[in-house]
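Peer 1: The following block contains the structure, expressed as structure tokens.
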Amino acid sequence: MEPRLDGSPDNRYKANPFIWVIPLILSGIGILMITSTTSPTSFLYTGTPFQMGIKQLQWLGIAMLGMFFVYSVPVRIWYRFSGPLLILMWLLAWLPLVPGVGETIGGARRWIRLPGLGVSLQPGELLCLAVALHLAKLLSRGAERDPLKSFVNTVILVVLAVLPLLVQPDLGTTILIFTVSMGMYVEKVGWRYPVIAGGVLGGVIFPLLILLEPYRMRRVTAFLDPWADPLNKGFQAIQGLIAFANGGLWGSGLGHGFQKLNYLPAAYTDFIYAAVGEELGLIGTLCILGLFGFWIMQTRASYFRTEDPFKSSLIWGISLTVLLPLVINVAGVTKMIPLTGMPLPFISYGGTSLVTMWSRVGLMLRLEKDSWLEEGENG
């Protein structure tokens, strides 16, 4: 830290602008792509091609307010109330299953319709962040002294947390919570037990979960051979690949994509990365990955600068809750893994996802600020 001219330490906090500027750029790209991919249908039903883009812009304003709120709360408050917050989010995750409260979309009851507002809330997004927050607290209490007990506690937390998600069903968020939790455990203790648990889940439990739901089996078969049923099971995967092929290196140009004309389902939500590939080309998709990579580098710097066990674990967990959805979405759209319905962070259309992602940014900024001030006090 730079000293002042009088020799005293400069304790004025200077936020790393890249922590919030990069998400703002990504959100801006998302609004442009949402507007582009929905302009034909928006014009047909509302008379303006900008309807969905304007809605996402409004959500961005709400998300920014959420970021400032989270940033204004001291880290010690988040630490103290992580348990009650997790319980609240867990109870909220059950609400989509209540008749008259939950909303069914695509055969799953994952959303809560907010009366009078015309919008839906997906509690699973909030639950994932609450799990990372409370798990950081548990793991910071000397987890390395008793690795087995700590791992058992982590598994119990994960199993209880994902119960409402399995009933909805929401296997994608279930996998995300499990992977984030194992990643946070590895950061504090090591690989041994997570590797064993991953083998059991990957070899036994997840295959059973897939077999129990016909729509999951359809996704697996579409992943293995989408051309076996190109007009039904494999339609979405094939159209996504066609979008990338149409885009080539430089893309067809913003607003000039053809796949959005009822060819590519979910072009403005889960498959928005394919829409980017068509209209902005390989260069556009690589720029998005580069922005995410640079953001992770900034959070990595904050992680290594933080000495407090809880704060460092939480920074690690927050980074995973952004990085893993990115990997899952991109891998699914590019046919590297079966589709899971995971939105692309900061870019896909959706208010809940955008608000929770920006809440992560606010919490990250708060953690960085507290670490900066502690660094000044200690030296």
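The values are calculated or read from the model by the stated rules, or taken from the named source; none is laboratory data. Remember, it's a predicted structure, so these values are computed and weren't measured experimentally. With ideal geometry, Cβ positions are generated from the backbone for all residues, glycine too; neighbour counts draw on all protein chains shown. Accessible surface is based on the protein model in full, side chains and every heavy atom, while ligands, DNA and RNA are left aside. Shrake-Rupley method; radii C 1.70, N 1.55, O 1.52, S 1.80 Å.
Peer 1: Below 12 angstrom from the Cβ of T285, what's the summed charge of the other residues (Lys, Arg +1; Asp, Glu -1)?
Peer 2: So the surrounding residues net to -2.
Peer 1: Pairs on different chains or at least eight residues apart, Cα atoms closer than 20 Å: how many lysine pairs in the chain fit?
Peer 2: 13
Peer 1: Still on this structure, I have one more. From the phi angles alone, apply the Karplus equation (6.51, -1.76, 1.60; θ = phi - 60°) to the stretch 278-284 and give each ³J(HN,Hα) in whole Hz, x where the residue is Gly or Pro.
Peer 2: Per residue, the Karplus-derived 3J(HN,Hα) values read 6, 8, 10, x, 4, 4, x Hz.
Peer 1: Provide the net charge surrounding G251, with neighbours chosen by a C-beta distance below 15 Å and charges set as Lys +1, Arg +1, Asp -1, Glu -1.
Peer 2: That works out to -1.
Peer 1: Hull surface divided by four, with the convex hull built on the Cα atoms of the stretch 212-328: how many nm²?
Peer 2: Answer in nm², one decimal: 9.6.
Peer 1: Enumerate the calculated ³J(HN,Hα) couplings along the stretch 19-25 in order (Karplus 6.51 cos²θ - 1.76 cosθ + 1.60, θ = phi - 60°), each rounded to whole Hz, writing x wherever the residue is Gly or Pro.
Peer 2: 4, 10, 5, 4, x, 5, 5
Peer 1: Would you tally the net charge around F271, using a Cβ to Cβ cut-off of less than 12 Å, leaving F271 out, and scoring K and R as +1, D and E as -1?
Peer 2: Here the charged neighbours net out to 0.
Peer 1: Under the rule of -39500 (n - 2.57) per DSSP H run of 4 or more residues, summed and divided by the residues of the chain, what mean residue ellipticity at 222 nm is obtained, to the nearest 500 deg cm²/dmol?
Peer 2: -22500 deg cm²/dmol
Peer 1: Please sort by residue number the GluC sites (Glu not before Pro) in the stretch 298-379 whose DSSP state is loop and whose Cβ has at most 13 other Cβ atoms within 10 Å.
Peer 2: E307
Peer 1: Give the Rg (one decimal place) followed by the Dmax (whole number) of the stretch 268-330, computed from C-alpha coordinates and expressed in Å.
Peer 2: 14.4, 45
Peer 1: Hey, got the Cα dimensions of the stretch 186-260 along the principal axes, in Å, largest first?
Peer 2: The Cα atoms of the stretch 186-260 stretch 49, 33, 16 Å along their principal axes.
Peer 1: On to the next question. Over the chain, with the other protein chains present, what is the accessible area per residue in square angstrom, probe 1.4 angstrom? Could the numbers behind the result be given before it?
Peer 2: Values: 18000 Å² over 379 residues.
Accessible area per residue: 48 Å².
Peer 1: Given a 1.4 Å probe and heavy atoms of the protein chains only, how would you sort W78, W191, W358, largest accessible area at the top?
Peer 2: So, going from the largest accessible area down, we get W191, W78, W358.
Peer 1: Based on the mean of other beta carbon atoms within 10 Å per residue, what is the order of 137-143, 207-213, most packed first?
Peer 2: The most tightly packed comes first, giving 137-143, 207-213.
Peer 1: Using the alpha-carbon centroid of each, what span in Å lies between the stretch 127-165 and the stretch 220-298?
Peer 2: 35
Peer 1: Output needed: percent of Cα pairs per 10 Å distance bin for the stretch 183-223, bins running from 0 to the one holding the longest distance.
Peer 2: 28, 34, 26, 12
Peer 1: Could you order the peptides 317-323, 43-49 from most to least packed, using the average number of other C-beta atoms within 10 Å per residue?
Peer 2: 317-323, 43-49
Peer 1: Per Stokes-Einstein, at 20 °C and 1.002 mPa s, what whole-number D in µm² s⁻¹ belongs to the chain, with the Kirkwood radius over Cα pairs as the hydrodynamic radius?
Peer 2: In µm²/s, the coefficient rounds to 98.
Peer 1: Across the stretch 274-379, what fraction of all alpha-carbon pairs, as a whole percent, falls in each successive 10 Å bin from zero upward?
Peer 2: Percent of Cα pairs in each bin: 14, 40, 29, 14, 4, 0.
Peer 1: Another question, then. Pull up all non-local amide H partners of V119: gap of 5 or more, or a different chain, and H-to-H distance under 5 Å with H placed in the peptide plane.
Peer 2: L114
Peer 1: Here's something else I'd like to know. For the stretch 209-219, just list the computed ³J(HN,Hα) in residue order, Karplus coefficients 6.51, -1.76 and 1.60, θ = phi - 60°, integers in Hz, with x standing in for Gly and Pro.
Peer 2: After applying 6.51 cos²θ - 1.76 cosθ + 1.60, I find 4, 5, 5, 6, 10, x, 5, 5, 5, 5, 5 Hz.
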